[in-house]
Amino acid sequence: MISDNSVKSGGPAVRIENLDKYYGTSHALRKVNLSVERGERIVVCGPSGSGKSTMIRCINRLEQHNGGRITVLGTELNDDVGNIDGIRREVGVVFQHFNLFPHMTVLENCTIAPMIVRKRPRAEAEATARRYLEKVRIPEQAMKFPGQLSGGQQQRVAIARALCMQPQLMLFDEPTSALDPEMIAEVLDVMVTLASEGMTMICVTHEMGFARRAADRVIFMDGGEIVEEAPPEEFFAASRNERTRQFLSQVLGH
Amino acid sequence: MEMVVLAPPAPGKLEDLRRRFFATPLQALLSLISFAIMVFLVWKLLNWAVFSAVFTTAGGPEACQATAGACWSVIAARWRIILFGLYPFEEQWRSALACVAVVVMTVLSCIPAFWTGRRIAIVWGAGTALYYVLMKGGVLGLAYVGEEAWGGLALTLFIFVTTCLIGFPLAICLALLRRSELPWISRTTGLIIDGVRSLPLISILFTFAIVLPFALPQWLAGDKLYRVILGSALFFSAYQAEIVRGGMQGVPNGQEEAAMALGMSYWQRISRILLPQAMRNALPATINQFVISFKETSLVVIVGFFEILASGNAAYGTGEWRFAYVEVYAFIAFIYFVFVFSLSRYGAFLERRMSVGER
């Protein structure tokens with residue numbers, strides 16, 4: 001079981017081997033291989049439809065893969081429901097459209113999963129929630145409903161909600177793509193702080209500034225394959241790959 | 001100095017009246033005619049219902065026939081039949097208490113403070129048990145009264161409340177089964193729902209009351225009343241299941257994904273994330289369904305139960321009060337109105353409460 005994994009330190013946080021994923025007849029991921037060490041920060045970029053979101057959604061079974069092996073925190077992701085639940089408890093996800101629960105206050109959004117999944121007492125869950133809301137710099141919004149907050153605030157609540165489960169790994173699926181430009185910075189700042197504290201992170205994003213500041217490794221995907229992976233300095237300065245250079249000129253070119 | 005800009009002053013009451021109803025000569029004429037018609041109708045109604053009406057039973061039916069007004073004395077003389085049907089006269093206080101028990105139970109379960117599994121179970125358990133013991137008797141020194149003698153308002157309320165208590169959870173189960181990922185489950189459920197919905201309620205009641213006893217062994221068939229309630233609950237659940245499913249379709253996929261990503265189990269996702277939002281979406285249609293079901297309880301008369309409308313027929317149908325049927329129906333209409341109107345007001349309260357935090 002996954003609960004022993006924190007003990008079973010060593011070994012990568014995520015290991016993906018020969019991952020295949022089909023949507024009907026379209027081949028979304030083609031024999032993808034990727035290994036992410038504990039404490040490593042990865043940025044995944046690429047044109048739309050390149051399979052980057054699909055790949056990270058496979059890591060906690062929001063999408064079911066059709067071939068290959070995924071091992072998360074030492075546990076293999078297969079049809080064993082116990083394994084899936086165990087992995088989901090340890091992996092936090094931040095979505096493009098926040099997906100906060102609109103019928104609950106910000107505080108309830110942050111405490112429900114620790115209380116009913118981790119069985120924490122309410123007082124403890126609320127204390128933890130308030131600590132993380134402080135960390136994402138919106139402690140004063142705790143009693144509001146998500147609909148009363150701006151997009152940037154909602155996304156920071158979503159980050160706090162994921163952190164309240166005290167995950168060992170965080171997945172970000174285009175966390176700033178649905179935000180107005182003036183709100184992107186406040187979310188990225190929180191993510192940079194998180195990265196600097198040693199959280200293992202895999203971020204699908206087009207924010208190349210964030211990749212420069214926070215990533216250990218940048219991965220470029222196209223057509224369901226990993227085309228290139230390199231440390232950010234190397235990736236931005238001296239990419240050897242034609243498709244990468246073309247993509248970079250499009251996202252950085254103006 | 002800062003400039004203070006004021007909105008133009010609102011027109012006064014009289015000016016507003018003039019602009020709305022007397023702007024042109026033709027409009028003024030039409031307004032006056034309509035006003036005169038309204039005054040005439042209200043006067044006629046009041047005259048019939050209050051000024052010329054007979055309220056006491058002192059003069060008997062003859063006093064009523066002498067006046068042009070309403071004969072409310074029929075209610076004073078026959079209200080017990082309307083409210084309690086054929087229930088034994090000396091025991092009718094039990095039927096009245098049973099009505100109170102059902103109403104209290106319903107009101108309590110409408111109060112948000114009672115919306116925890118344990119409290120609602122206690123309220124419903126105690127309410128239905130109290131009703132059953134009071135009505136049926138045979139214990140605690142209460143004389144036994146069989147279901148065939150139950151009637152009037154007490155029966156109407158009992159059929160409505162039990163239909164909802166059984167039908168609502170069943171509807172949620174059907175709605176969840178219908179969205180199952182296994183095609184044979186979702187298709188079978190869909191077939192059942194569509195099957196029940198395509199039958200008239202009367203034929204379902206008839207089948208459960210009359211036909212089912214031939215098909216089932218004696219010990220399983222139970223009393224006719226409970227079979228009828230089961231049939232009516234099944235009918236209710238088929239409609240309500242589609243309402244709940246519609247509500248679920250209005251909840252974005254991302255909600256369930258977010259709940260999964262937090263490690264919640266299937267039942268946690270359903271009960272904490274999906275259903276609360278689905279019920280909010282489905283609320284107006286749900287209240288509508290409750291209102292329809294309340295009024296449809298009158299159909300049980302065809303399988304031989306004297307609910308309030310049938311009891312009303314009996315109340316004026318015997319000789320001397322035969323002419324006063326309008327007053328009896330007006331009284332019954334008023335009772336229906338009180339229940340249905342409170343139901344829809346409660347629906348409006350819930351909608352306001354649930355819209356907290358919505359943009």
request  = Might you check whether a residue that is within 19 Å of the chain's Cα centre (by Cα), within 26 Å of B:GLN240 (Cβ to Cβ) and among the aliphatic types (A, V, I, L, M) occurs anywhere in the stretch B:126-137?
outcome  = no
request  = State all residues of the stretch B:276-286 that are of a type in the set (A, V, I, L, M, F, W, C) and either more than 31 Å from the chain's Cα centre (by Cα) or at the interface with another protein chain (Cβ under 10 Å from one of its Cβ atoms) (or both); if no residue qualifies, say none.
outcome  = B:MET279
remark   = Across (1) surrounded by 15 or more Cβ atoms within 10 Å (Cβ to Cβ); (2) among the charged types (D, E, K, R); (3) within 14 Å of another protein chain (Cβ to nearest Cβ), B:GLU296 clears everything bar (3)
message = Here are the criteria: (1) in contact (Cβ under 8 Å) with a residue 40 or more places away in the chain; (2) within 18 Å of B:ILE273 (Cα to Cα); (3) in contact with a helix residue (DSSP H, G or I) (Cβ under 8 Å, 6 or more places away or on another chain). Tell me which single one A:VAL72 does not satisfy.
response = (2)
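So if I check each of A:GLU76, A:GLU140, A:GLU63, A:GLU134, which one is in contact with a Lys or Arg (Cβ under 7 Å, 6 or more places away or on another chain), acidic (Asp, Glu) and away from every other protein chain (no Cβ under 12 Å)?
Going through A:GLU76, A:GLU140, A:GLU63, A:GLU134 in turn, the sole match is A:GLU76.
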message = Among the residues of the stretch A:59-82, are any assigned to a helix (DSSP H, G or I) and under 29 Å from A:PHE236 (Cα atoms)?
response = yes
request  = Report whether or not A:ASN18 is farther than 19 Å from B:ALA258 by Cβ and within 14 Å of chain B (Cβ to nearest Cβ).
outcome  = no
request  = Any residue in the stretch B:259-273 that's more than 7 Å from chain A (Cβ to nearest Cβ): show its pairings with residues that are surrounded by fewer than 21 Cβ atoms within 10 Å (Cβ to Cβ) at Cβ separation under 6 Å, as long as the two are six or more apart or on different chains.
outcome  = B:ALA259/B:ARG269; B:ARG269/B:GLU256
task = Within the stretch B:249-257, identify whether any single residue is closer than 27 Å to B:GLY151 by Cβ and in contact (Cβ under 8 Å) with a residue 24 or more places away in the chain, and answer yes or no.
result = no
task = Could you please let me know if B:ALA126 is outside any loop (DSSP other than H, G, I, E, B), touching a Ser or Thr at 6+ places or on another chain (Cβ under 9 Å), modelled with pLDDT of 85 or more and of a type in the set (Gly, Ala, Ser)?
result = no
Residue among A:VAL117, A:VAL94 that alone is in contact with a Phe, Trp or Tyr (Cβ under 7 Å, 6 or more places away or on another chain), of a type in the set (Val, Ile, Thr), within 14 Å of chain B (Cβ to nearest Cβ) and under 28 Å from A:VAL204 (Cβ atoms) = A:VAL94
inquiry  = Being out of contact with any helix residue (DSSP H, G or I) (no Cβ under 7 Å at 6 or more places or on another chain) and surrounded by 19 or more Cβ atoms within 10 Å (Cβ to Cβ) is the requirement here; does B:ALA258 meet it?
reply    = yes
inquiry  = For the stretch A:143-164, give me each residue that is within 24 Å of A:VAL44 (Cα to Cα) and within 11 Å of chain B (Cβ to nearest Cβ).
reply    = A:ALA158, A:ARG161, A:ALA162
key: Counted residues, the stretch B:244-286 - those being within 22 Å of A:VAL157 (Cα to Cα) and among the hydrophobic types (A, V, I, L, M, F, W, C)   = 9
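The values are calculated or read from the model by the stated rules, or taken from the named source; none is laboratory data. Bear in mind that the values here come from a model prediction, so they are computed numbers and not experimental data. In this analysis, Cβ positions are derived from the backbone assuming ideal geometry, glycine residues included, and neighbour counts consider all displayed protein chains.
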